[in-house]
Each structure stands twice: as structure tokens, then as C-alpha cells.
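Asker: Let me begin by handing over the structure; questions about it come next.
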Amino acid sequence: MPGDPFGPAAIDERGHHEEQRPQAALGERFRIAIPVHPVKGQLAVLAAPEGLLRHTIHTHEAYAAPRAGHGIVVGATMEEAGFDTSAPAEVTAGLVEASAALVPALAALAVLEAHGRFRPRTADGLPVIGRSSRWENLLIATGHFRNGILLTPETGAAIARLYAGAAIEGL
């Protein structure tokens with residue numbers, strides 16, 4: 001391709017971040033469309049003694065996950081809020097309350113930080129994994145929404161196969 005800006009290959013695996021918007025960054029710069037939009041998820045980090053929680057606990061209402069040496073993360077909300085990263089105190093209090101229903105000891109812990117993060121979501125809920133239609137050596141892996149961590153191994157394997165020149169079934 002003439003004027004190919006990527007060299008042998010480039011991989012875009014970014015989600016949505018306040019200063020890193022794939023639609024703007026890649027879409028405008030390289031004239032490609034990436035059909036994702038941000039869904040805000042708010043979470044909070046609680047000050048917790050090491051060992052208070054050893055495993056992630058998850059229900060439909062909340063989750064609590066230990067982070068070695070960094071407290072316990074509780075979350076998370078979901079809202080269509082554009083690129084708003086605010087973390088209102090009342091939402092944080094609701095997260096703490098919901099997580100305390102899972103582990104009552106969490107109710108007494110101080111909130112170290114609270115913030116909103118973005119999950120890239122596609123219209124059909126399926127991630128976008130493949131080659132750019134405009135730049136054959138640009139590989140894209142985004143739109144994993146709430147399953148980014150869960151799908152990381154398979155996504156990495158799919159991108160590696162694409163990079164090696166193999167076809168991917170279902171894409």
C-alpha cells in the first residue's frame with residue numbers, strides 16, 4: 001500500500017481512555033472507522049489490610065477484587081456517559097454498599113480513590129478483531145466491553161495468528 005505508515009505491522013488494542021480515543025486517533029489520522037463507543041464504568045479502591053479478601057467475589061450487583069498491596073477494588077457501574085470520567089460521591093457510596101453486601105467488613109474501609117473508566121463497546125456486543133480494511137498491516141483488537149480481561153488470551157492468540165499470516169475463523 002502506498003504511504004503505508006506502519007512498517008511491518010502495527011496493532012491497535014486500545015480501549016477508550018479520556019485522552020486516547022481510537023475513533024479519533026486512528027479514524028481521523030488513517031481514515032478508518034472503528035465501530036466502538038465508550039461505556040463508563042465507575043469503581044472504587046478501598047484501603048484494606050492484606051489478606052482481608054483472597055479471591056474476587058462477583059454477583060450481578062457488584063464485585064470486590066483484591067489487589068496485592070493496593071487494597072480492594074469494588075465496582076462497577078455501567079452508563080452511557082460519553083467521555084465523562086467523573087466519579088460522583090453518591091455512586092461511590094453505592095458501590096461500597098453493594099460490595100459490603102458481599103463482604104460486610106468492606107463497609108468500614110476508607111475509600112482511597114474512585115474514578116470512571118471506559119469500556120469500548122460495539123453495537124452487536126462482539127469485539128472487533130482483525131485487519132484494517134484500509135491498511136492490511138494494521139491489526140485491530142478492541143470492543144471487548146466488560147470482557148477484556150477474560151478474552152485477553154484468545155484475543156492475543158488471534159492477533160498472533162493474523163500477524164503470522166493465518167486466517168481466523170469467524171472473522
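Every number in this text was worked out from the coordinates using simple rules, so none of it is lab data. Here the structure is a predicted model, which means the values were calculated and not measured. Virtual Cβ from ideal backbone geometry, glycine too; neighbours counted across all protein chains shown.
Asker: Please compute the net charge surrounding Ala98, taking Lys and Arg as +1 and Asp and Glu as -1 over other residues with Cβ under 14 Å from its Cβ.
Answerer: Details: positive: none; negative: Glu61, Glu90, Glu97.
Charge balance near Ala98 sits at -3.
Asker: Counting Lys and Arg as +1 and Asp and Glu as -1, what is the net charge of the other residues whose Cβ lies under 13 Å from the Cβ of Val111? Write out the running numbers ahead of the final one.
Answerer: Working: positive: none; negative: Glu90, Glu97, Glu113.
Summing Lys and Arg as +1 and Asp and Glu as -1 gives -3.
Asker: Modelling each spin label as a point 7 Å along the Cα-to-Cβ direction, I'd like the Arg134/Ala68 distance in nm, to one decimal.
Answerer: With each label placed 7 Å out from Cα toward Cβ, I get 4.2 nm.
Asker: Would you kindly calculate the translational diffusion coefficient of region 69-115, applying Stokes-Einstein with the Kirkwood radius from alpha carbon pairs, for 37 °C and a viscosity of 0.692 mPa s, and quote it in µm² s⁻¹ without decimals?
Answerer: Reported coefficient: 283 µm²/s.
Asker: At 0.36 nm per residue, minus the direct Cα-Cα distance, what do Thr59 and Met78 gain on full extension? Give it in nm, one decimal, please.
Answerer: Numbers: separation 19, 0.36 × 19 = 6.84 nm, distance 1.44 nm.
Extending this stretch completely gives an extra 5.4 nm.
Asker: Can I ask one more? Given a Förster radius of 25 Å and the C-beta distance between Thr85 and Asn147 as r, what FRET efficiency does 1/(1 + (r/R0)^6) yield to the nearest 0.05? It would help to have the intermediate numbers written out before the result.
Answerer: Values: r = 21 Å, r/R0 = 0.85.
It comes to 0.70.
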